[in-house]
Structure formats: C-alpha cells, structure tokens
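Participant: Structure provided below as structure tokens; questions to follow.
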Amino acid sequence: MKELTIEAKIKVCAYDEFSAEDKQLVDAARAATANSYAVYSKFNVGAAVRLDNDVIVKGSNQENAAYPSGLCAERTTLFWANSQYPENAVLAMAIAARTDKGELPMPIPPCGACRQVILETEKRFGKAIKIILFGTKESYIIEDGIKALMPLSFDSAFLE
Ligand code: THU
C-alpha cells in the first residue's frame, strides 16, 4: 500500500511583518467587519480582495433569520467582485473577524464552501489567490493559493 502525503506551506507572521500592500488588504478586511450583518452569531467577518486592476473589493458576512440563507464574508466578497469586474483576476484575499470582545487573536480560516468558491475563482482566472488570514496575535499567509487548504479538491478538470 502507498501513502500520499500532502503538504501545505503556511507562513506565520505578525502584523508588523506584512508588506505595505498586504497591510492595506488586511486593513480593508478588518474595516469590512464593521459592515457585517451578524445579528444571530455576533461573529463579524470581513474579507477584502485585490484585483489585477488594483481595485480592492470589501465584503462581510450577511446573516438571515432563515440561517442557511445567509452568506459568509468570503463568498459575498468574491461574488460581488466577480459580478462587478468579470474580466479582472483576483490576486489576493484577506480575511479578518471580530466579536463583541474585539478582534480575534488567531486567524479564522475560510469554511469549506468558501474554499470551494475560492478554488473556482482561481480556476476561472487561471491564477492562484494569495490568502491572508489575519489575527491580532498572529496571521497566516498562504502564497500558493487555496490548494494548500484543500487537498484532493474537486474542480472542473474532473468534468472533462
Ligand atoms: N463566517 C464567515 O463569514 N466566514 C468564515 O470563514 C466562517 C464563518 C460567518 C458565517 C456566519 O455568519 C458567522 O460567520 C458564524 O458562522
């Protein structure tokens, strides 16, 4: 029997170690938490993406009394960005969250459904998306795209 080992390369850093460009995107995601509609979970998530035309699009989670009708910050952001700028590749995405107690010390990772949508966006534009997960104590930078967070992922290649 063979064994498959799948590795994920994730950089761990402090806020001060971000490049100016990454800081700008992270700050946009942090600011986006203010527009979150999270009256049920009280878990405010913000996301920001940088497009290849240098536009930054922000989004946040939008909840609903019928819980499954709500949407995560990552998908709100990507769907809006791709609706407004269908020709522009997404280069990077930052994610941040806060609760009533303030910003979270550790990064929050995207849920499975959001990972699948990030994967589709990468496929659509043929470009890996740099993913930055912000925490006040430490942050994670995933340079190589969503594959690092999604081993054995299903994409359009299997439909061919
Ligand atoms: N949420 C996000 O927006 N992104 C994530 O990556 C994880 C969870 C939202 C969904 C829901 O509104 C709240 O956080 C609690 O799950």
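The values are calculated or read from the model by the stated rules, or taken from the named source; none is laboratory data. Not measured: the values here are computed from a predicted model. Here the Cβ is made from the backbone with ideal geometry for all residues, glycine too, and neighbour counts use every protein chain on show. Ligands, DNA and RNA are excluded from the accessible area calculation, which covers all protein heavy atoms including side chains. Shrake-Rupley method; radii C 1.70, N 1.55, O 1.52, S 1.80 Å.
Participant: Considering segment 83-95 alone, what residues qualify as being more than 9 Å from the ligand (Cβ to nearest atom) and either among the aliphatic types (A, V, I, L, M) or free of Cβ contacts under 8 Å to residues at least 24 places away in the same chain (or both)? Let's see the steps before the verdict.
Facilitator: Taking segment 83-95 as the starting set, the residues that turn out to be more than 9 Å from the ligand (Cβ to nearest atom) are 83-94.
Selection gives S83, P86, E87, A89, V90, L91, A92, M93, A94.
Participant: Which residue pairs have Cβ atoms closer than 8 Å, lie 6 or more positions apart in sequence or on different chains, and pair a first residue in segment 64-82 that is at negative phi and open to solvent by 40 Å² or more (accessible area, probe 1.4 Å) with a second residue that is outside any helix (DSSP H, G or I) and away from the ligand (no atom under 12 Å from the Cβ)?
Facilitator: Here the result reads W80/V57, each pair linking segment 64-82 to a residue that is outside any helix (DSSP H, G or I) and away from the ligand (no atom under 12 Å from the Cβ).
Participant: Is it true that some residue in segment 22-33 is open to solvent by less than 70 Å² (accessible area, probe 1.4 Å), within 16 Å of the ligand (Cβ to nearest atom) and free of Cβ contacts under 8 Å to residues at least 60 places away in the same chain?
Facilitator: yes
Participant: Any residue in segment 118-137 that is part of a loop (DSSP other than H, G, I, E, B) sitting within a Cβ distance under 7 Å of a residue that is small (G, A, S)? List the pairs, counting only those 6 or more apart or interchain.
Facilitator: What qualifies is K127/A89; A128/G145; I129/A92; I129/G145; F134/A29; F134/A94; F134/A96.
Participant: Moving on to the next point. Which one of these is among the charged types (D, E, K, R), open to solvent by 20 Å² or more (accessible area, probe 1.4 Å) and part of a loop (DSSP other than H, G, I, E, B): K58, K42?
Facilitator: Every option except K42 fails the conditions.
Participant: Same structure, new question: Which of the following residues is in contact with a Lys or Arg (Cβ under 7 Å, 6 or more places away or on another chain), outside any strand (DSSP E or B) and of a type in the set (V, I, T): T77, T5? Spell out the reasoning first.
Facilitator: Numbers: T5 fails: in contact with a Lys or Arg (Cβ under 7 Å, 6 or more places away or on another chain).
The match here is T77.
Participant: Take segment 105-116 and flag every residue that is in contact (Cβ under 8 Å) with a residue 24 or more places away in the chain and surrounded by fewer than 19 Cβ atoms within 10 Å (Cβ to Cβ).
Facilitator: The initial filter retains those residues of segment 105-116 that are in contact (Cβ under 8 Å) with a residue 24 or more places away in the chain, namely 105-111, 113-116.
Those that are in contact (Cβ under 8 Å) with a residue 24 or more places away in the chain and surrounded by fewer than 19 Cβ atoms within 10 Å (Cβ to Cβ): P105, M106, I108, P109, C111, A113, R115, Q116.
Participant: A follow-up question, please. Please work out which residue is farthest from the ligand (Cβ to nearest atom), limiting yourself to segment 60-76 and to residues that are touching a helix residue (DSSP H, G or I) at 6+ places or on another chain (Cβ under 6 Å) and closer than 20 Å to G102 by Cβ.
Facilitator: S60
Participant: I need the full set of residues from segment 34-59 which are hydrophobic (A, V, I, L, M, F, W, C) and either away from the ligand (no atom under 16 Å from the Cβ) or without any contact (Cβ under 8 Å) to a residue 40 or more places away in the chain (or both), in order please. It would help to see each step written out before you state the result.
Facilitator: First, pick out the residues of segment 34-59 that are hydrophobic (A, V, I, L, M, F, W, C): 34, 38-39, 43, 45, 47-49, 51, 55-57.
Correct list: A34, A38, V39, L51, V55, I56, V57.
Participant: Does A47 satisfy the condition of being outside any loop (DSSP other than H, G, I, E, B), more than 26 Å from A14 (Cβ to Cβ), open to solvent by less than 50 Å² (accessible area, probe 1.4 Å) and touching a helix residue (DSSP H, G or I) at 6+ places or on another chain (Cβ under 9 Å)? Can you show your working first?
Facilitator: Values: outside any loop (DSSP other than H, G, I, E, B): yes; more than 26 Å from A14 (Cβ to Cβ): no; open to solvent by less than 50 Å² (accessible area, probe 1.4 Å): yes; touching a helix residue (DSSP H, G or I) at 6+ places or on another chain (Cβ under 9 Å): yes.
Against the criterion (outside any loop (DSSP other than H, G, I, E, B), more than 26 Å from A14 (Cβ to Cβ), open to solvent by less than 50 Å² (accessible area, probe 1.4 Å) and touching a helix residue (DSSP H, G or I) at 6+ places or on another chain (Cβ under 9 Å)), A47 does not qualify.
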